[in-house]
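**Q** Before I ask anything, here is the structure I am working with.
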Amino acid sequence: MKKLFDDEGRVFGKINLIDLTAVLLLLGIALRALLPVVFNRPGPVHDAVLLLEVSKVLPETAGEIRLKQEVREQTSGAMLGVLSRKDLNPHEVEIADSEGRLTLAISSRYRDLRLTVTGRARVGKEGALEFDHFPVRAGQTLTINTATACFEALVLTTEWTD
């Protein structure tokens, strides 16, 4: 039986031990880098809906938003979808009465805006819906842009439509 290492330190008399170690190390690094790419393939794209709430908006500003406008996340520029519905609701404020108790009253100046955005998304990390590679979760606050306005919006729901 042949020796595992010969007199010159080669494995089976053919490969230098240091070269073999270097090749195996580089191969391990390459596999480590490629594994997330192979196993974290993005899922299929589906139609999805975001329900957003913008609180304390002037009616004139809310009137600037039109249906079928593109809605983008400001920081990343990710396309969230197209505005498919908007509802303007009274904004409630707390007012202290003469005895110091807080009561709810309707603001004469501000409104709350509910926006329905329809777009294409896939399931991302930890189950979040990813719109244009931007993860969106219920309860998250987004800065959104349309062609005519920019708002801070709270994500109320994210759901599939198909």
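**Q** So, of the residues in region 107-154 that are farther than 19 Å from HIS91 by Cα and among the aromatic types (Phe, Trp, Tyr), which turns out to be surrounded by the most Cβ atoms within 10 Å (Cβ to Cβ)?
**A** The residue in question is PHE131.
**Q** Could I ask something else about it? So the check is Cβ under 6 Å with 6+ separation or different chains; which pairs have a first residue in region 133-147 that's touching a residue at least 60 places away in the same chain (Cβ under 8 Å) and a second one that's part of a loop (DSSP other than H, G, I, E, B)?
**A** If the second residue must be part of a loop (DSSP other than H, G, I, E, B), the pairs left are PHE134/SER76; PHE134/ALA78; THR143/GLN74; ASN145/GLN74; THR146/ILE65; THR146/GLN69; ALA147/GLN69.
**Q** Kindly indicate whether any position in region 121-130 is among the charged types (D, E, K, R) and closer than 21 Å to THR161 by Cβ.
**A** yes
**Q** Could you tell me whether any residue of region 26-40 is in a loop (DSSP other than H, G, I, E, B) and either at pLDDT below 95 or touching a Lys or Arg at 6+ places or on another chain (Cβ under 6 Å) (or both)?
**A** The answer is yes, given that some residue of region 26-40 is in a loop (DSSP other than H, G, I, E, B) and either at pLDDT below 95 or touching a Lys or Arg at 6+ places or on another chain (Cβ under 6 Å) (or both).
**Q** If you don't mind, there's one more thing I want to ask. Of these, THR61, THR118, which one is closer than 28 Å to THR148 by Cα, outside any strand (DSSP E or B), in the same structural domain as THR148 (by TED's automatic domain parsing) and of a type in the set (Ser, Thr, Tyr)?
**A** Answer to the selection: THR61.
**Q** Can you pull out the residues in region 107-162 that are closer than 23 Å to PRO44 by Cα and aliphatic (A, V, I, L, M)?
**A** If the condition is that a residue be closer than 23 Å to PRO44 by Cα and aliphatic (A, V, I, L, M), then VAL117, ALA121, VAL123, ALA128, LEU129, VAL136, ALA138, VAL155 are the ones that fit.
**Q** Could you check, for region 80-90, whether at least one of its residues is part of a helix (DSSP H, G or I) and over 19 Å from THR157 (Cβ atoms)?
**A** no
Matching residues to (1) closer than 17 Å to ASN145 by Cβ; (2) surrounded by 13 or more Cβ atoms within 10 Å (Cβ to Cβ); (3) of a type outside the set (Lys, Arg); (4) modelled with pLDDT of 75 or more:
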| position | (1), (2), (3), (4) |
| --- | --- |
| MET1 | no, no, yes, no |
| PRO42 | no, no, yes, no |
| HIS46 | no, yes, yes, yes |
| MET79 | yes, yes, yes, yes |
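The values are calculated or read from the model by the stated rules, or taken from the named source; none is laboratory data. Bear in mind that the values here come from a model prediction, so they are computed numbers and not experimental data. In this analysis, Cβ positions are derived from the backbone assuming ideal geometry, glycine residues included, and neighbour counts consider all displayed protein chains.
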